[in-house]
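In what follows, a structure is listed as structure tokens, so that the remarks can point back to it.
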Amino acid sequence: MSIRHGLLALLSRGPRYGYQLRVEFEASTGATWPLNIGQVYTTLSRMERDGLVAPGGADDQGRAVYAITEDGLRELERWFATPVDQAARPRDELVIKLAMAVAADDVDVTAVILAQRMATMRTLQELTRTKRTAGGVAQRLVMDSMIFKAEAEQRWLDHCEAVLKEKSA
């Protein structure tokens, strides 16, 4: 998730101060991706350097607020219009773990798969419970995405087991 672009999206709704951005970011994502306040201010500083945001003075309580610039709006528009490239996403640790387990001589790959399957099922159950209390549409969509990914992981683990059985037959 691009924190930079998430903050730009929030700033496109009007000037905000750092803590407010953090709270709104977490509320929008259902607190799925907690954001450190230091990350917020570091990102704001970089965006200011890059001309995407500008200091907007202070609010009525003296907190420094930031506003999105025209360059920031163009960057946000570009981000929304550009599909996320699958190849640009971080490496998947589970895929690497299973590949290494298969390549190793002394690893019970079936046990690795079973442990992951149980953990993924617990995660899926927790996500389903959390989804029931999701506040808004944005939170629900985030929860749906995470549920679909967990379900896909379960299907992939089924596939891994099937391939291993074929290999050993």
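Note on Rg and Dmax of the Cα atoms in Å: of the candidates (i) 21.0, 72; (ii) 19.7, 69; (iii) 20.5, 69, the value calculated from this structure sits at (i). Backbone geometry of segment 51-58 corresponds, through the Karplus equation with coefficients 6.51, -1.76 and 1.60 at θ = phi - 60°, to 3J(HN,Hα) couplings of x, 8, 9, 9, x, x, x, 10 Hz, x marking Gly and Pro.
Counting other Cβ atoms within 10 Å as a rough exposure proxy, the listed residues ILE68, ILE147 run ILE147, ILE68 from fewest neighbours to most. Ordering PHE25, THR120, SER45 by the projection of their Cα atoms onto the charge dipole of the chain, which places +1 on the Cβ of Lys and Arg and -1 on the Cβ of Asp and Glu, puts PHE25 at the extreme positive end. Taking every DSSP helix (H) stretch of at least 4 residues in the chain, weighting each as -39,500 (n - 2.57) and dividing the sum by the residue count yields a mean residue ellipticity at 222 nm of -22000 deg cm²/dmol. With contacts taken as Cα pairs under 8 Å at a separation of at least 6 residues, the chain carries a relative contact order of 20 percent. Residues whose amide H lies under 5 Å from that of GLY56, counting only those 5 or more places away or on a different chain, are VAL65, TYR66, ALA67; hydrogens are built 1.01 Å from N in the peptide plane.
A straight chain from ILE96 to LYS131 at 0.36 nm per residue would run longer than the Cα-Cα distance by 9.7 nm. When only the Cβ of Lys, Arg, Asp and Glu is charged (+1, +1, -1, -1), the dipole of the chain relative to its Cα centre reaches about 340 debye. In order along segment 33-45, phi translates into HN-Hα couplings of 10, x, 10, 6, 4, x, 4, 4, 5, 5, 5, 4, 4 Hz, rounded to whole numbers, per the Karplus curve 6.51 cos²θ - 1.76 cosθ + 1.60 with θ = phi - 60° and x for Gly and Pro.
Cβ-to-Cβ counts within 10 Å put THR120, THR42 in ascending order as THR42, THR120, the fewest first.
Stretched out straight at 0.36 nm per residue, the stretch from ALA87 to ASP158 would grow longer than its current Cα-Cα span by 23.2 nm. Neighbour counts of C-beta atoms inside 10 Å place MET143, MET118 in the sequence MET118, MET143, starting with the fewest.
Throughout, read-outs are computed from the coordinates displayed, never taken from laboratory work. Predicted, not measured: the structure shown is a model, and the values here were computed from it. Glycine gets a Cβ as well: all are built from the backbone with ideal geometry, and neighbour counts include every protein chain shown.
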